[in-house]
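Notes follow the structure.
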Amino acid sequence: MSEVYAYSLLRYTYKGSYTGKLGLIDDPADVGGLESWPSSTKPSWDEDSDDDGIPNWWDGSTGGGLGWDALDGYLSWMAEPHQFIAPGAVVTIALEDLFKGFSGSTYTAVTDKGSISVSGSTATFTGPNTGVIARITLSVTDSEGSEWSRPYGVGVICELGACSGSTTTSTSTSTSTSTTATTATTESTVFGEVGSVAR
């Protein structure tokens with residue numbers, strides 16, 4: 001037996017149960033079976049009752065893309081930073097984490113639903129008391145005058161807390177140095193399947 005062949009035999013720990021070939025398994029059991037994976041379950045509020053690929057809580061919007069449908073809007077929203085909260089909950093957003101590389105920065109935030117304020121490098125969002133998809137635009141201007149904006153989403157989920165039947169939402173604009181807010185009355189928006197959302 002040559003040294004090369006002997007070395008090859010030593011390199012392979014497993015062999016196929018059907019073919020008997022070294023290093024080529026035929027079944028996961030040939031290498032001790034598959035490892036145990038933890039089970040994963042979706043929260044009850046994240047169901048898709050009609051199997052269209054869009055969860056029931058999505059508001060049905062398309063995200064504004066030309067020719068986009070509700071699935072495109074949902075996937076685009078999910079690809080951006082986002083979180084889910086109960087109605088009326090308050091969350092903070094660490095702006096420095098979302099704008100790495102900017103120094104001496106001033107931050108601003110605008111939301112289409114709920115209210116938002118900025119203090120230093122922290123944005124504080126307060127959700128409305130009804131189920132909505134809030135779209136926040138976060139912006140930075142650094143000490144060199146460079147500017148950048150990015151979206152941030154908050155899903156206000158009725159199943160995480162009590163929702164009121166209707167609400168007045170506000171459009172809020174805030175900066176880290178001064179805060180201005182305007183309030184506009186909009187239609188009540190309640191989560192549901194596509195097509196059942198008031199606009």
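Values quoted throughout were computed directly from the atomic coordinates according to the rules given, and no laboratory measurement underlies them. All of these numbers come straight from a predicted model, not from anything done at the bench. Counting neighbours? That spans all protein chains shown, and the Cβs are built from the backbone with ideal geometry, glycine included.
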Filtering segment 25-67 down to residues that are surrounded by 10 or more Cβ atoms within 10 Å (Cβ to Cβ), part of a loop (DSSP other than H, G, I, E, B) and of a type in the set (A, V, I, L, M, F, W, C) yields I25, I54, W57, W58
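I'm checking my understanding of the structure. Among residues of segment 119-145 that are charged (D, E, K, R) and either part of a loop (DSSP other than H, G, I, E, B) or without any contact (Cβ under 8 Å) to a residue 24 or more places away in the chain (or both), which one is surrounded by the fewest Cβ atoms within 10 Å (Cβ to Cβ)?
From segment 119-145, those charged (D, E, K, R) are 135, 142, 144; that's our starting set.
Adding the requirement that they be either part of a loop (DSSP other than H, G, I, E, B) or without any contact (Cβ under 8 Å) to a residue 24 or more places away in the chain (or both) leaves 142, 144.
On the way: D142: 15, E144: 8.
Top of the filtered list is E144.
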